[in-house]
Amino acid sequence: MTDKTKHIVIVGGGTAGWLAAGIIAARHQGRMASGFTVTLVESPDTPIIGVGEGTWPTLRSTLQKMGVSETDFFRECDASFKQGAKFARWTTGAEHDAYYHPLMLPQGFEQVNLAPQWLSGKTNGSFCDAVCPQGVICDNGLAPKSITTPEYEGAANYAYHLDAGKFAPFLQKHCCEKLGVRHVLANVQTVNRADNGDIASIETDRAGTIAGDLFVDCTGFRALLIGQTMGVGFRDCSDVLFCDTALAVQLPYESEDAPIPTHTISTAQSAGWIWDIGLPARRGTGHVYSSRHISESEAERELRAYLGPAGRDLPIRKIPIRSGHRETFWKGNCVAVGLAAGFLEPLEASAIVLIELSSKLIAEQMPMTRGVMDIVAKRFNEATHYRWGRIIDFLKLHYVLSKREDSAFWRDNRDPATIPERLQDLLHLWRYQGPWFHDEFDRLDEVFPAASYQYVLYGMDFRTEVDPAMVAADERMAERALRENRARIDGLSLRLPRHRELIRKIVEYGMQPV
Ligand SMILES: Cc1cc2nc3c(=O)[nH]c(=O)nc-3n(C[C@H](O)[C@H](O)[C@H](O)COP(=O)(O)OP(=O)(O)OC[C@H]3O[C@@H](n4cnc5c(N)ncnc54)[C@H](O)[C@@H]3O)c2cc1C
């Protein structure tokens with residue numbers, strides 16, 4: 001119980017495994033010389049899931065802390081910039097019904113809440129355009145920075161779109177060559193348990209027995225360690241989030257110069273939604289739908305209709321998805337990260353950010369001995385439960401706010417029996433006082449801050465009552481922030497390059513290293 005935690009064994013070599021390995025190894029570089037090891041065991045026979053192309057801005061600092069060059073990342077992962085998501089046809093289903101969930105905070109967010117000003121009609125146009133420049137930047141296909149901006153910095157906040165099939169090998173190379181991670185290609189066949197129920201070691205088919213102090217389960221939907229070995233159950237949440245199947249298609253551009261959207265486009269359908277992600281070399285698209293509400297052939301027909309003639313004969317990959325998460329995430333000396341911990345439909349790209357946050361927490365709180373591991377595990381489980389709960393609420397919010405009446409899927413989503421109690425309370429509260437900076441959303445490392453809730457609520461025509469006296473009290477500060485936002489829209493529109501043009505320059509010349 002007093003032996004130092006020295007040997008970390010990660011099983012699984014997808015996005016989760018390699019991010020966990022990189023984050024842990026980078027944080028503990030200083031201990032490597034005294035025998036701290038990170039080993040990643042990956043099956044040569046079981047492919048990674050290979051989807052998951054939208055990320056959150058946290059990935060910038062994650063890659064930077066791992067010592068990754070942003071230029072190399074763009075060159076090797078077919079990456080592009082993501083500045084938010086555009087939700088089309090979610091509110092009414094009409095042709096021009098659309099709003100943005102951008103990645104920049106509303107102007108002056110920490111000083112003044114612009115939502116009541118906008119709600120009281122002080123400005124015209126959408127909430128997003130009134131408070132933040134990013135919707136206009138996205139509409140105009142502009143990049144969030146220019147070629148002279150140093151790596152990881154931006155004039156506008158950004159995340160990435162990336163080719164998931166290239167990202168894992170890219171991380172693998174970096175982790176093994178720069179961070180000293182040991183890579184073992186072998187299938188885990190059995191797991192040996194210690195008397196206290198911990199995992200003592202894993203038996204592999206071609207690399208023998210591998211012992212460890214802490215095992216990180218990154219085996220994807222299989223959940224080989226946390227589920228099959230440790231017996232931790234799965235908490236299904238398909239009664240809240242109905243989508244259970246994805247049909248994925250990769251679509252070529254019509255020409256090499258076609259613009260690359262700098263946001264994820266999510267277009268609502270009769271029983272789900274279609275994602276559309278622009279990478280430099282191709283578009284990644286797919287239909288996420290509820291098989292309880294439409295058949296696979298109907299879902300495919302909607303997807304092909306969206307893709308148009310270019311997508312008529314393209315092969316479609318079907319991926320069953322099960323919404324939910326483990327009942328607990330860290331048990332004994334085993335902790336689950338990535339799909340092994342759970343999965344929720346990819347509506348707001350919340351999976352990779354959870355991998356980052358979980359791995360960061362493991363790395364930061366690395367229990368020094370087995371004796372303190374249960375205390376750390378308890379904290380980890382509390383934080384992780386909180387995060388999954390908030391993400392479920394946030395995803396459900398998109399469905400609850402929809403006014404679509406055209407199918408049972410949308411009507412069923414508004415059935416109060418399917419809405420988590422906490423979200424129901426919040427929706428009630430927000431009719432009188434909307435979310436803002438100083439409320440409970442701004443916990444440390446909150447996945448979706450209060451600003452995200454504002455963008456979705458007011459993008460989807462939710463009304464919060466406003467008190468004219470409160471609006472008047474903030475008037476001067478608010479007018480200044482609204483003016484500053486208009487000036488930023490003009491300034492950034494003039495100076496930012498087009499998205500494809502910047503990526504071409506990054507690949508050719510590189511960005512300035514930090
Ligand atoms: C349709 C869809 C769209 C998505 N879109 C997004 C998105 O836009 N943004 C986002 O953040 N996330 C998205 N995700 C989620 C994202 O793809 C995953 O969170 C991410 O890829 C991590 O996967 P993973 O590494 O946990 O699992 P996998 O990629 O499945 O990796 C599992 C690994 O375990 C190994 N393994 C399995 N069994 C054994 C064994 N016995 N021995 C040794 N090794 C073993 C395999 O070889 C593999 O290396 C999406 C998911 C789906 C299904």
Taking a cut-off of 15 Å between Cα atoms, list the aspartates and glutamates near K331, but don't count ones fewer than 8 places away on the same chain. D195, D198, D213, D217, D374, E382
Once the in-chain neighbours fewer than 8 apart are removed, the aspartates and glutamates whose Cα is under 20 Å from K145 read E70, D72, E76, D78, D129, E153, D257, E484, D490, E501, E508
Given the rule -39500 (n - 2.57) for each run of at least 4 DSSP H residues, summed and divided by the residues of the chain, what is its mean residue ellipticity at 222 nm, to the nearest 500 deg cm²/dmol? -10500 deg cm²/dmol
What number, in percent, do you get for the relative contact order of segment 303-381 if the mean sequence gap of Cα pairs under 8 Å and at least 6 apart is divided by its residue count? 29 percent
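Given Cα pairs under 8 Å that are at least 6 residues apart, what percent is the relative contact order of the chain?
The value is 25 percent.
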How large is the convex hull of the C-alpha atoms of segment 146-238 per residue, in Å³? 194 Å³
State, as an integer percentage, the relative contact order of segment 46-183 based on alpha-carbon contacts under 8 Å between residues 6 or more apart. 37 percent
Just tell me which lysines come within less than 18 Å, Cα to Cα, of K173; anything on the same chain fewer than 8 places away is out. K65
Rounded to the nearest whole Å³, what is the per residue volume of the convex hull around the Cα atoms of segment 68-218? 244 Å³
Percent antiparallel among DSSP beta bridges confined to the chain, rounded to 5, stands at 70 percent
Could you check the simple spin-label distance between E203 and K403, using points 7 Å along Cα→Cβ, in nm with one decimal? 6.3 nm
Which FRET efficiency value, to the nearest 0.05, do you get for E327 and K4 by plugging their Cβ-Cβ distance into 1/(1 + (r/R0)^6) with R0 = 30 Å? 0.50
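For segment 6-94, what is the convex hull (Cα atoms) projected area averaged across all directions, in square nanometres?
Across all orientations, segment 6-94 yields a mean hull projection of 8.6 nm².
With 26 Å as the limit, write out which pairs from K166/K505; K122/K396; K86/K318; K82/K360; K6/K166 have Cα-Cα distances beyond it, or answer none.
Pairs exceeding 26 Å: K122/K396; K6/K166.
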Segment 300-414: C-alpha gyration tensor shape, a/c 1.5 cut-off, then a/b vs b/c: prolate
Treating every alpha carbon of segment 231-358 as one equal point scatterer without solvent, the Debye formula yields log10 I(q)/I(0) values at q = 0.10, 0.14 Å⁻¹ of -0.38, -0.69
Any chance you could list P(r) for segment 367-487, counting all Cα-Cα pairs in 5 angstrom bins from zero, rounded to whole %? 2, 9, 14, 18, 16, 12, 10, 8, 6, 3, 2, 0
Over segment 104-148, give the accessible area per residue in Å² for a 1.4 Å probe, as an integer. 33 Å²
Mind listing the Cα extents of the chain along all three principal axes, in Å, largest one first? 67, 54, 52
Rough spin-label spacing in nm, given labels placed 7 Å along Cα→Cβ, for T92 and Y432: 3.0 nm
If each residue of separation counts as 0.36 nm, what is the full-extension length gain between S291 and D45 once their alpha-carbon separation is subtracted? 85.6 nm
For N333, which sequence-distant residues (separation of 5 or more, or a different chain) have an amide H within less than 5 Å of its own amide H, given hydrogens modelled in the peptide plane? I199
If a/c stays under 1.5 just call it rounded; otherwise compare a/b with b/c (prolate if a/b is bigger, oblate if not). Do that for segment 158-197, with a ≥ b ≥ c from the square roots of the Cα gyration tensor eigenvalues. prolate
Please get the size of the charge dipole for the chain, origin at its Cα centre, with Cβ charges of +1 on Lys and Arg and -1 on Asp and Glu, quoted in debye to the nearest 20. 760 debye
Taking the DSSP beta bridges in segment 1-159 as the whole, what percent of them are antiparallel, to the nearest 5? 55 percent
Spin-label model distance (nm) - A211 vs K505, 7 Å beyond Cα toward Cβ: 5.6 nm
Could you give the length gained on full extension between R414 and F234, defined as 0.36 nm per residue of separation minus the Cα-Cα distance, in nm? 62.3 nm
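The values are calculated or read from the model by the stated rules, or taken from the named source; none is laboratory data. The structure presented is a predicted model; accordingly, all values stated were derived computationally and were not measured. Positions of Cβ are generated from backbone atoms using ideal geometry, with glycine treated the same way; all protein chains shown enter the neighbour counts. With ligands, DNA and RNA removed, areas are computed over all heavy atoms of the protein, side chains included. Shrake-Rupley method; radii C 1.70, N 1.55, O 1.52, S 1.80 Å.
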